[in-house]
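What follows is a single structure, written as structure tokens, with notes after it.
Laboratory data are not the source of any read-out in this text; all were calculated from the coordinates shown. Predicted model, so just to flag it, every value in this text is computed and none were measured. Using ideal geometry, Cβ is built from the backbone for each residue, glycine included, and neighbour counts are taken over all protein chains shown.
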Amino acid sequence: MRLLHSVLSLFRRARRFERRELQEFRAWIETTRNLIRLTSLLVIPLLLALVTFLSHVNPALSFLLFPPLASGTHTLFSDPKGKYSTPVNLIGGLTIGALCGWLTLVIRHLGWLPVANDVATVSPIGAALSIFMTGVFTWLLDVELSAGFSTALLVLLTNTPDDAGIYVLSIAVSSVLVAVVFYFWRRKVYAERAQYLYQSTKGDDHVLIPMRGPHANATAMLGARLASAHDAGKVVLLKLSDDEAIENSTEENGDKKSAQERVVSAYAADLEDRASKIRTKIGVPCEVVVASAGTSPARTVIHTAHETNCDLIAVPFETRYGSLSPFIRELFNGDTDVLVHRSADDRTSWDRVMVTVRRESDVAHSMLDFAVRLVGHTGGVSVAHCIGDERHRRTAEEMLAHLTETIEAMVETRVALTSIEDFLDTYVHSYDLVIVGASQDRSAASRFVAPPTFNRIDTLDTDVAILDRNFRI
């Protein structure tokens, strides 16, 4: 029996480890740069293995075929949206380079070029002519590819026009094969990666809203607008009953059981009234739940989220002693996504939303997805990244481009040479809502929820939303 218990314990531990590793990998692969790296590591070797298999018609040319083909393939997959990363560039650049080398051999064979003493040696004049013609023709035809110059030189090692002709044909066929694979990968996988890979934008359509604090109605409308963006969206309004309310009712009426029923009935009636307004205004299904707060209100909320099949908890902002309240901090430690909303003026619609990001990640994708849901087809979304050195601007712009190109909406990108706090102080007045991340790596944006930058939230005259991602596998 003890052995069985130990085996089961090890099995559960292994499953927890497996789920954690899968969660980390899923978050890792959502970064475009990591997706490209993984694709390059897997696809390029497989493609070249296939070309190797097909190139056995003339094994002597294999060594001359693969270096430029590998280089050209890497150019495509390492920068799918780059200027030179097109199937036409690959096929044209490699083939034209090989043709120019072949033409150089023909000219030499006709005796119009001096021949080196060693027939196996490529003459400097022949190499220069081959490179020159490649540069001219690829420039005129707008199919410039650095790997094309490799084929222009390597074909000269064949020494005879007949072998060079076979080489040109091999390069053309192989490059077409690679280009076809790349075309379908870029169109069906890379361009559609949000649909296949980004779990952060597939869920969060069932929203649980604990009705707490003076701005609960504004948070409920925020959650309802997020849920309404998906056809299967729904909202669940939750009210926690506490012992104090029941005791007050008991003192007035003397019966604890009936007092509890009256409190629950009053809470339910209030929630139904709010739910009716949400259904009418937003058009999203809305349920109500009244539950006992118990010893831990946060754990009760998380349990209710599980029971009602909600994948996002939208909760009003709460503080205690200048920091986030223990209630919210415990929600952050749960296994359900949490969106903390600080309402500045009880607004219920958001037409201009700013998203601040530090890097491309699951949190960044979620924040941007939420912003697009809130503004709809008529509003505007900006995504901003702050840098501390001008040398990082190009990398930041590339990161924001990767982040926004999967969104089916017009998104403005901004890279600012300043701190996140100063940037928001300057530009926040133009927006209805600012979304920041509460990721566990403590980025500049996530430190917005911890002293000292946490204290700056209260100084902003616009709504703020803090997103914490907690995947459930």
(request) Could you order peptides 362-374, 157-169 by the average number of other Cβ atoms within 10 Å of their residues, highest first? (result) 362-374, 157-169
(request) Based on other C-beta atoms within 10 Å, arrange Trp102, Trp139 from fewest to most. (result) Trp139, Trp102
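Starting with the highest mean, order 73-82, 312-321 by the number of other Cβ atoms within 10 Å, averaged over the residues of each peptide.
Numbers: 73-82: 17.9, 312-321: 19.4.
Per-residue mean Cβ counts within 10 Å order the peptides as 312-321, 73-82.
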(request) Only loop residues by DSSP count here, and only those with at most 13 other Cβ atoms within 10 Å; note down the GluC sites (Glu not before Pro) in the range 339-409 that meet that. (result) Glu408
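With the Cα gyration tensor of the range 300-381 in hand, convert its eigenvalues to equivalent ellipsoid semi-axes via √(5λ) and list them largest first in whole Å.
Details: eigenvalues 110, 55, 41 Å².
Taking √(5λ) for each eigenvalue gives 23, 17, 14 Å, largest first.
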(message) Along each principal axis of its Cα atoms, how long is the range 28-194 end to end? Whole angstroms, biggest number first, please.
(response) 59, 34, 20
(message) To the nearest 20 Debye, how big is the dipole of the range 28-194 about its Cα centre, given +1 on the beta carbon of each Lys and Arg and -1 on that of each Asp and Glu?
(response) 540
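Show me the ranking of peptides 329-340, 291-302 by mean Cβ neighbours inside 10 Å, starting with the highest. Don't jump to the answer; show the numbers that get you there.
On the way: 329-340: 19.7, 291-302: 17.2.
Going from most to least packed, we get 329-340, 291-302.
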(message) Based only on other Cβ atoms within 10 Å, what is the fewest-to-most ordering of Arg391, Arg212?
(response) Arg391, Arg212
(message) Can you give me the C-alpha center-to-center distance between the range 274-313 and the range 363-378, rounded to a whole angstrom?
(response) 22
